[in-house]
Amino acid sequence: MERHAESKVIVAVRVRPLSEDEQERNEESIVFCPDEHNLLVSQEGLVERAFSFNMVFRPECSQQEIFQTTGMRKLIDMAIEGYTCTVFAFGQTGSGKTYTITGPHCLFSEDSQESELEGLMQRSVAYLLERVQHSDELFQLCASYSEIYNEQVRDLLNPWLTYSLAVRGSTTSGFYVENLSVVEFCNLEGFMTLLERGMQNRQTSSQTQNEHSSRSHSILTLYIKHTLTGAEPVVVARGKLCIVDLAGSERVKDRDSDTEKLLEETGNINRSLLTLGKCITALVDPKKRTGHIPYRDSKLTMLLSDSLGGEGITLMIACVSPTAGNLQETMNTLRYSSKAKRIKNKPVAKSDLREQILASLQKEIRILKEENMTLRQHLPKFQEELESGASGSCTGSTDGTVEPVYYDERSESTGSDAGLISLLQDLKREIDKLQKDKRLLLDKQESSDQQRECLSQENVRLLRKLRDLERVICSSPHSNSSYSGISLDNEASSGNSPQCVQNPTVPQQQLPPDQSPSQPPYTITYCCTCSVEAHQQGQGCPQLLERLALHEDSYGAHHLNPQDGDAARHPRAVEGGRQPGREHPGEEPAYGACPPQRRRSQVEKRGYAERFQGLLEARGKKAQSVEMTAGRPQQGDPGLPLLVKKRGETS
Ligand code: ADP
Ligand code: MG
């Protein structure tokens, strides 16, 4: 059940034009319409009274204008949504109620072509049919047509029934007419057939005020069933539009013939209208509104109870005659209308909550199914795009560059595809990124391969140089197979700064082969960095000291592997070349650039110094023996600058 905001009964007043008879009698209008909301009743010297309503229609207003301005379309729209909407015309006999609701009586004659005179009933049904026929959803339209005559309900679509229908009340449906025939229609012709049949069956009689005066209240009810189509059709709304044409109130003294039958009719009509008046009065009174409303006092008020004080939306069209002779009835109608416009209703749409939930779920399922179908249709194409995007980027260019392939949004850009397209684009971006990373990695690998190649070439070159040097040393006239020239620093003896020892000629330290199977192929016993001159000048060689200190523990002597990191860090140590213009005295030692952690500790150095001392002593002894046999070597003779022996090579 869907509740609408509180709404008041809408009241419109329509003033009938002067009839031909009235014009002939030179009667004048006493009802004036200064604008579309105000109405003035003014009879010279007697009464002057102003009223305001939701709408006021001048006598010259057309039927179409009434239909448009009263908001009938809105009312029908709400009925489609499930609300109970009521429009009823009331007023004095001959004031134009039937004319407003169904059009003039002549309209129903066989040769009538005046469709512009059609009343609210035909126009409403035409609009309703137009609405439902242009909808995708299913609507079922039915109609019932009944009249209340002398407090008896008669089925106008089934006039052969000899008995009157009972009005029953239920807590869920309110008041209803039992066994009232409801006929389905699906076009205007079908409805018009029903309407004509019903109009023919209405109780009318000729009166002073109206040649075809209705002697009953007629109620046309249009039932609108709104169904959602699907695997399981669900009814979502059951709306109603009631169009009521009331019998006119009239004074008994105005009657032409006071027959018993007519008096009874008038009494019943007036009674029901009086009850209607009482109900309206009670409904607008805040104190009485919550109390008893005398709906049950007449069948008319019973059947209008929902429209008046319940959950419906109501439009009242008060019809008034303009002449002075109808002043009293006009005033009564306007007073009731003024009261009625204060009635507040709480409209409720008749739709089952469970059905609504079911309907919304079914609708959702339907949308999802449609979406699923669309996605399935587009899936092969997207897969194709994805594959071509992935492979195309690898093979599409000869220089190895990636040409990203993006999905062309213009090709397929329906609303449901948007998510998939964006997903696809994300994937493509990811693929591009991965391919770029891969390319960078390959580049890096290539450059590192080149570096490795360079290094290996450099190593080969250095190895070749080393062999050349070895050959030079071996062929040198100073080479002595029984002596190893070594320049060692004796920190203790020569101060703080390491220095080469003058003419260091000490026997080569030989290592037993079994001691170090993995030793490098060369044993260095000479500092390749120091120049011959330096040795001649008696300078120490700090580089060799350090190198010896570094490697002695491992090899028992200083080994130089051409692939050693030290060699790479100090190429001169490998090359053994003399640096032109660079001499030891006062010059920063070549190994001065070595990091401090590479320097040996004082204890270690002291150990070397002791050993060096021992070597010096051994050399001294040897020199003495050589001197004794072959004479002393000349002071300043160049020492043995290099003495590199191949491992295993015996002197
Ligand atoms: P009611 O139903 O209120 O008794 P009717 O609708 O039958 O009155 O109207 C009485 C007479 O007045 C009819 O002949 C009708 O054609 C005429 N009439 C009513 N209203 C209008 C109008 N707006 N324009 C022209 N003729 C009208
Ligand atoms: Mg009438």
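The values are calculated or read from the model by the stated rules, or taken from the named source; none is laboratory data. From a predicted model like this one, the values you see are computed outputs, not experimental measurements. Cβ: placed from backbone, ideal geometry, glycine included. Neighbour counts: every protein chain shown. All accessible areas refer to the heavy atoms of the entire protein, side chains included, with ligands and DNA or RNA removed. Shrake-Rupley method; radii C 1.70, N 1.55, O 1.52, S 1.80 Å.
Values as computed for the structure displayed
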item: Extension reserve of the LEU263-MET331 stretch, reckoned as 0.36 nm per residue once the Cα distance is removed; result: 22.2 nm
item: Estimated FRET transfer efficiency (LYS433, SER456; beta-carbon r; R0 35 Å; 0.05); result: 0.50
item: Theoretical FRET efficiency, 1/(1+(r/R0)^6), r = Cβ-Cβ of THR290 and SER52, R0 35 Å, to 0.05; result: 0.80
item: Protein accessible area in segment 121-229, 1.4 Å probe - carbon and sulfur %; result: 45 percent
item: Segment 105-199: C-alpha gyration tensor shape, a/c 1.5 cut-off, then a/b vs b/c; result: oblate
item: Accessible solvent surface per residue of segment 1-95, calculated while the other protein chains remain in place, 1.4 angstrom probe, Å²; result: 51 Å²
item: Portion, in percent, of the accessible area of segment 30-75 that falls on carbon or sulfur, probe 1.4 Å; result: 48 percent
item: Calculated FRET efficiency for the pair LYS74/SER115, C-beta based, R₀ 30 Å, to 0.05; result: 0.85
item: Length added when fully stretched, GLU65-ASP449, from 0.36 nm per residue minus Cα-Cα; result: 128.9 nm
item: Average accessible area per residue (Å²) across segment 258-309 - probe 1.4 Å, nucleic acids and ligands excluded; result: 50 Å²
item: Cβ crowding within 10 Å averaged over residues, with 51-64, 75-88 ranked highest first; result: 75-88, 51-64
item: Alpha-carbon spread of segment 70-124, three principal axes, descending order, Å; result: 37, 27, 15
item: Segment 107-197: relative contact order in percent, alpha carbon pairs under 8 Å with at least 6 residues between; result: 26 percent
item: Simple label model, 7 Å out from Cα along Cβ direction - THR172 to ARG25, nm; result: 5.4 nm
item: Portion, in percent, of the accessible area of segment 266-318 that falls on carbon or sulfur, probe 1.4 Å; result: 54 percent
item: Residue-span extension gain [CYS142 to LYS346] - 0.36 nm each, minus C-alpha spacing; result: 70.9 nm
